[in-house]
Amino acid sequence: MIELPLFIDLGDAAVHTLNGIFRGSILFMIASGLTIIFGVLGVLNLAHGEFYGIGAFLLTSIATFFVVRIAAPTDPLSTAIFAAAIVIAVLLSAAILIPIAGAIEATVIRPIYDRAEMYQLLLTYALLLILVDTIRIIWGSQPVRPAAVDGQQIHAALDVIPMEELFGFQYSSVRIFTIFIGIGTFLFLLWFFDRTKTGRIIRATAIDREAATAIGVSSDRVFTLVFALGGFFAGFSGALYSVSAIPATAEMGGTALVLSFVVIVIGGLGSIRGSFVGAILVGVVWSWAIAEYPPAEIAAPFALMILVLLVRPEGLYGAWGEIE
Amino acid sequence: MSDPLLAVTNNKATVEGFTVTHGVDLSVDEGEAVALVGRNGAGKTSTFRGIMGLTPLAEGSVKFKGEELTELRPELIPVRGIGYQPEGRDLFTGMTVEENLRLPIWTSGKARGVEDEDAMVESILDLFDELSHRRDTEVQNLSGGQGKMCAIGRAMALDPDLLILDEPLEGLAPIVVEELKGYIQEIIDRGISVLIAESNTSHVPDIVEEMYVIERGSIVDNGDPKELTKDPDIQELMQGGGN
């Protein structure tokens, strides 16, 4: 018999919600790439979650490399140096995914653009399985964390901002930082696709590939760029997640992929705004379920998806195939 | 006689394995305006797409300024100096008129030697003055005629030597047809070669010097546009009595 709590402590409620926004921020960085890749290339990349997984594992290795070489944070200066090293580790992890994703697009995905969707799904599914095994071969099958610093996890060493004094309850400053990164990524992508030349060339290619070719756009290059960009943000997200005390596992990419589907269906396929709103909603619902009723952890986001599909079949921001 | 600007020889375009043009030959000289007329489905669009590298050719050659285009990647063809207005209008929706005009310059302006982006955009908007006060309008909100103007303007943004227009007058009210013909005449007067597809023979004779008639993927006649449109066989063909 499961006991539902009669009332929820306000501090708990805030923590669940913040955890949800944190998970939503992570999810957004994965789902936005998935949705942009679908919007521009027309391919639903089932292996996209693995870019996130690889980013998380890369972070464990790169952060460990730094952690064992630099001083543990004890005072503001050493904390700043330590934090900078972790930021570099996160960016490096994400950057490594640029050539990985780019090469995968150019060699494996490119030949199948004109094939039926079933081929694309089968091929990217095969890619997913291969990448999962690659992760197992490199990092093993056990959950992996970065090396501890003076017996504590990286995030604990970095959680020095006194959240309790600021907000009245204890919360991880690394997670708050990740939330801001998620919001920053969202604003960056909006600006990139709305204002920059490259962003608008990508949109033009998504809207009408042939008309874009007829003004001199190499769709091959655009597609590789978009795939690499998606890989970067997924890897970035995985690395950030890894910093926040959650061990990297070979299965994490699969879970992320499934939840990203929920996010982009809720948000509307191809919509960046939709992915953001969808990711935050899914993250919050997911986190509340984990905290209050764990058996519904996966069912809750999907129930939300069904609800949205019934009320608004095109998603909250229906923009099928066009980035907005 | 010098070589033509564009020489299409024995073009056989294929769509999903089916041959849709059966050896089209046509040529456009420097500064010349040429029409390709034929009924819907006669092969006008396939001919143009074959030139632009968007539809693969099973056989044939497309020479532009003496260079073989069929060996080029399709995105390099506009950079050689061909502006293309696809059938329909195929504008970049969700973006403004101005963005649609600037996009070609962003992608290939440097390669085409378009130095001053703003000046190029202004010169296009000067030509299509009706478009100039809708420059900030998203293209899906334009009228049919304005949409065609924007599509032609986009093709002109790379300062082309040859402009290929696929049915620019299709589906427009008679008054708008006249207006657009005026714009196209102005483009021809600027010395740009124009290859224009039409399914209505009465639209083009007064603006082009040469006319090709296409039917079932083959050129059936070519010559002086005014003479050809009077030819009873051609009239019958264009009205659908050719079967």
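Worth pointing out:
- Of all residues in the range B:5-20, those satisfying the criterion of being open to solvent by 40 Å² or more (accessible area, probe 1.4 Å) and not in a strand (DSSP E or B) are B:16, B:17, B:20.
- For the range B:194-229, a residue qualifies if it is modelled with pLDDT under 85 and among the basic types (Lys, Arg), but none of them does.
- Total residues in the range B:87-110 satisfying the condition of being facing chain A (nearest Cβ under 7 Å) and either open to solvent by 10 Å² or more (accessible area, probe 1.4 Å) or in a helix (DSSP H, G or I) (or both): the figure is 9.
- Condition check for residue B:162: more than 19 Å from residue A:218 (Cα to Cα), more than 10 Å from every other protein chain (Cβ to nearest Cβ) and in contact with a Phe, Trp or Tyr (Cβ under 9 Å, 6 or more places away or on another chain): yes
- Complete set of residues in the range B:51-86 that are polar (S, T, N, Q) and within 11 Å of chain A (Cβ to nearest Cβ): B:55, B:85
- Helices (runs of 4 or more DSSP H) fully within the range A:169-279 that include at least 1 residues being among the aromatic types (Phe, Trp, Tyr) and open to solvent by 40 Å² or more (accessible area, probe 1.4 Å): A:173-195, A:219-243, A:252-267.
- Any hit, the range B:190-212, residues being among the aromatic types (Phe, Trp, Tyr) and more than 25 Å from residue B:39 (Cβ to Cβ): no
- Members of the range B:141-158 that are in a helix (DSSP H, G or I) and within 22 Å of residue B:174 (Cα to Cα): B:141, B:144, B:145, B:146, B:147, B:148, B:149, B:150, B:151, B:152, B:153
- Residues within the range A:89-130 that are open to solvent by 20 Å² or more (accessible area, probe 1.4 Å), farther than 30 Å from residue A:210 by Cβ and in contact with a Phe, Trp or Tyr (Cβ under 9 Å, 6 or more places away or on another chain), tallied: 2
- Here is the figure for the range A:194-249: residues that are without any contact (Cβ under 8 Å) to a residue 24 or more places away in the chain and among the polar types (S, T, N, Q) total 4.
- Looking across the range A:31-88, the residues that are outside any helix (DSSP H, G or I) and open to solvent by 10 Å² or more (accessible area, probe 1.4 Å) come down to A:42, A:44, A:46, A:68, A:69, A:70, A:71, A:72, A:73, A:74, A:75.
- Criterion (open to solvent by less than 10 Å² (accessible area, probe 1.4 Å), among the hydrophobic types (A, V, I, L, M, F, W, C) and touching a residue at least 12 places away in the same chain (Cβ under 8 Å)) met by exactly one of B:164, B:188: B:164
- Tally of residues being within 11 Å of chain B (Cβ to nearest Cβ) and touching an Asp or Glu at 6+ places or on another chain (Cβ under 7 Å) across the range A:168-209: 4
- Within the range B:21-44, being touching a His at 6+ places or on another chain (Cβ under 9 Å) and assigned to a loop (DSSP other than H, G, I, E, B) holds for one residue alone: B:43.
- Of residues in the range B:111-135 being touching a residue at least 12 places away in the same chain (Cβ under 8 Å), more than 14 Å from chain A (Cβ to nearest Cβ) and part of a loop (DSSP other than H, G, I, E, B), the one nearest to residue B:37 (Cα to Cα): B:128
- Residue A:232 more than 10 Å from chain B (Cβ to nearest Cβ), in contact with a Leu (Cβ under 6 Å, 6 or more places away or on another chain) and more than 30 Å from residue A:18 (Cβ to Cβ): no
- Matching residues in the range A:141-154 - criterion: being farther than 14 Å from residue A:242 by Cβ and either open to solvent by 50 Å² or more (accessible area, probe 1.4 Å) or within 22 Å of the chain's Cα centre (by Cα) (or both): A:141, A:142, A:150, A:151, A:152
The values are calculated or read from the model by the stated rules, or taken from the named source; none is laboratory data. Just so it is clear, the structure is predicted and the values come from calculations on it, not from any experiment. Cβ: placed from backbone, ideal geometry, glycine included. Neighbour counts: every protein chain shown. Heavy atoms of the whole protein, side chains included, go into the accessibility calculation; ligands, DNA and RNA do not. Shrake-Rupley method; radii C 1.70, N 1.55, O 1.52, S 1.80 Å.
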